[in-house]
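The values are calculated or read from the model by the stated rules, or taken from the named source; none is laboratory data. Remember, it's a predicted structure, so these values are computed and weren't measured experimentally. Every residue, glycine among them, receives a Cβ derived from its backbone with ideal geometry; neighbour counts consider all protein chains shown. Just so you know, the surface numbers come from the protein's heavy atoms only, side chains and all, with ligands and any DNA or RNA stripped out. Shrake-Rupley method; radii C 1.70, N 1.55, O 1.52, S 1.80 Å.
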Amino acid sequence: MMQIIDTHCHLDDERLIGQVDALIARARELSVTKIINVGVNTPTNEKAIELADKYEECFAVIGFHPADIKLITDESFDVLREQAKHEKVLAIGEVGLDYHWMEDPEDVQIAAFKKFIELSIELDLPLVIHIRSKKNDDAALVDAYELLKQYPKARGVMHSFAGDVVWLEKFLELGYYVSFSGVVTFKNAPVTQEVAKAVPMDRFIVETDAPYLTPVPHRGETNEPGYTYYTAQKIADLKEITLEEVAAATSANAEKLFKI
Ligand SMILES: [Zn+2]
């Protein structure tokens with residue numbers, strides 16, 4: 001049976017949280033059998049763990065989104081260490097750099113990202129990395145690359161990867177996986193489609209980032225885990241292979257990366 005894994009979503013979002021049972025059932029109809037909820041701060045980390053406790057299909061990733069690092073307190077890292085003992089906590093994320101929203105200056109974001117990278121190494125967990133640049137500017141990718149290069153023991157995935165093929169090669173060289181969201185289905189995303197064509201079969205995974213980044217043909221609606229199916233289908237079309245091959249490769253990659 002075909003299996004697709006939504007490696008990144010936010011079911012804690014108010015648009016989704018009231019209908020998790022239905023979302024999981026609909027996901028299963030579209031062959032999406034595992035769902036990884038990614039926290040962005042303390043309450044959402046707790047929620048991701050709660051969902052993992054309640055639903056067999058759900059797993060959790062815990063961390064602080066770069067737009068939320070103001071919420072980090074003295075206890076935050078000890079709380080993360082405690083939460084990471086949970087068997088369904090798979091990774092540290094989403095963490096990284098966001099120069100689009102720029103809630104904190106670059107140096108503050110880099111310092112926080114550094115701490116999360118070090119935490120992931122300490123806990124031997126992969127990273128789920130969010131990198132967002134300003135329009136027409138690669139500064140966030142440059143800074144992330146320079147930082148990750150200093151940590152050969154770190155591993156993880158570049159979530160909803162927004163770099164071009166040159167950046168793809170750089171992060172692949174460092175050993176990172178690359179994840180595709182609904183963006184790859186957008187007409188106005190030729191660069192991401194080029195990256196999808198170029199990414200090797202053993203290094204890419206898929207996600208929704210639900211409720212955001214809804215793929216075609218549901219663009220404009222609230223995204224949900226089952227729609228990972230459409231992203232996988234689009235990548236199959238771009239790579240001129242079958243959906244089954246994309247499902248098999250991305251599931252094997254996710255299972256290896258996250259040890260599920
Ligand atoms: Zn996210």
Next item on the list: Identify all residues within segment 49-74 that are in contact (Cβ under 8 Å) with a residue 40 or more places away in the chain and touching a strand residue (DSSP E or B) at 6+ places or on another chain (Cβ under 8 Å); write none if there are none.
Entry: Ile49, Leu51, Cys58, Phe59, Val61, Gly63, Phe64, His65, Pro66
Checklist line | Test: Thr192 is closer than 22 Å to Arg15 by Cα, open to solvent by less than 70 Å² (accessible area, probe 1.4 Å) and within 19 Å of the chain's Cα centre (by Cα) | finding: no
Note to self: I'd like the full set of residues that are in a loop (DSSP other than H, G, I, E, B) and in contact with a Phe, Trp or Tyr (Cβ under 7 Å, 6 or more places away or on another chain), limited to segment 104-152.
What the structure shows: Pro126, Ser133, Lys134
Notebook entry, point to check: Only one of these conditions is not met by Gly220: (1) loosely packed, with under 15 Cβ neighbours inside 10 Å; (2) modelled with pLDDT of 95 or more. Which number is it?
Noted result: (2)
Notebook entry, point to check: What are the residues in segment 158-182 that are within 16 Å of Ala140 (Cβ to Cβ) and of a type in the set (A, V, I, L, M, F, W, C), if any?
Noted result: Met158, Phe161, Ala162, Val166, Trp167, Leu168, Phe171, Leu174, Val178
Margin query: Show the residue pairs meeting these rules: Cβ distance below 9 Å; 6+ apart or different chains; first residue within segment 186-204 and polar (S, T, N, Q); second residue in a strand (DSSP E or B).
Written below: Thr192/Phe180
Notebook entry, point to check: Residue check: is Ala249 over 25 Å from Lys134 (Cβ atoms), assigned to a helix (DSSP H, G or I) and of a type in the set (Gly, Ala, Ser)?
Noted result: yes
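Yes/no per residue for (1) touching a residue at least 60 places away in the same chain (Cβ under 8 Å); (2) surrounded by fewer than 17 Cβ atoms within 10 Å (Cβ to Cβ):
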| position | (1), (2) |
| --- | --- |
| Ser76 | no, no |
| Leu97 | no, no |
| Ser120 | no, no |
| Asp124 | no, yes |
| Ala139 | no, yes |
| Ala144 | no, no |
| Gly156 | yes, no |
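Conditions tested, residue by residue: (1) within 16 Å of the ligand (Cβ to nearest atom); (2) loosely packed, with under 14 Cβ neighbours inside 10 Å; (3) not in a helix (DSSP H, G or I).
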{"site": "Met1", "(1), (2), (3)": "no, yes, yes"}
{"site": "Leu11", "(1), (2), (3)": "yes, no, yes"}
{"site": "Ala27", "(1), (2), (3)": "no, no, no"}
{"site": "Glu50", "(1), (2), (3)": "no, no, no"}
{"site": "Asp53", "(1), (2), (3)": "no, yes, no"}
{"site": "Glu56", "(1), (2), (3)": "no, yes, yes"}
{"site": "Arg81", "(1), (2), (3)": "no, yes, no"}
Margin query: Looking at Thr185 and the list (1) in contact with an Asp or Glu (Cβ under 8 Å, 6 or more places away or on another chain); (2) away from the ligand (no atom under 14 Å from the Cβ), which single condition is not satisfied?
Written below: (1)
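Test Val20 against the stated conditions and say whether it is open to solvent by less than 10 Å² (accessible area, probe 1.4 Å), away from the ligand (no atom under 15 Å from the Cβ) and over 27 Å from Val178 (Cβ atoms).
Numbers: open to solvent by less than 10 Å² (accessible area, probe 1.4 Å): yes; away from the ligand (no atom under 15 Å from the Cβ): yes; over 27 Å from Val178 (Cβ atoms): yes.
Yes; evaluated as a whole, the condition is true for this residue.
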Checklist line | Odd one out for Val178 among (1) within 16 Å of the ligand (Cβ to nearest atom); (2) open to solvent by 10 Å² or more (accessible area, probe 1.4 Å); (3) outside any loop (DSSP other than H, G, I, E, B); (4) more than 24 Å from Arg28 (Cβ to Cβ) | finding: (2)
Checklist line | Members of segment 223-237 found to be open to solvent by less than 30 Å² (accessible area, probe 1.4 Å) and either at pLDDT below 95 or part of a helix (DSSP H, G or I) (or both), listed by number | finding: Pro225, Gly226, Tyr227, Thr228, Thr231, Ala232, Ile235, Ala236
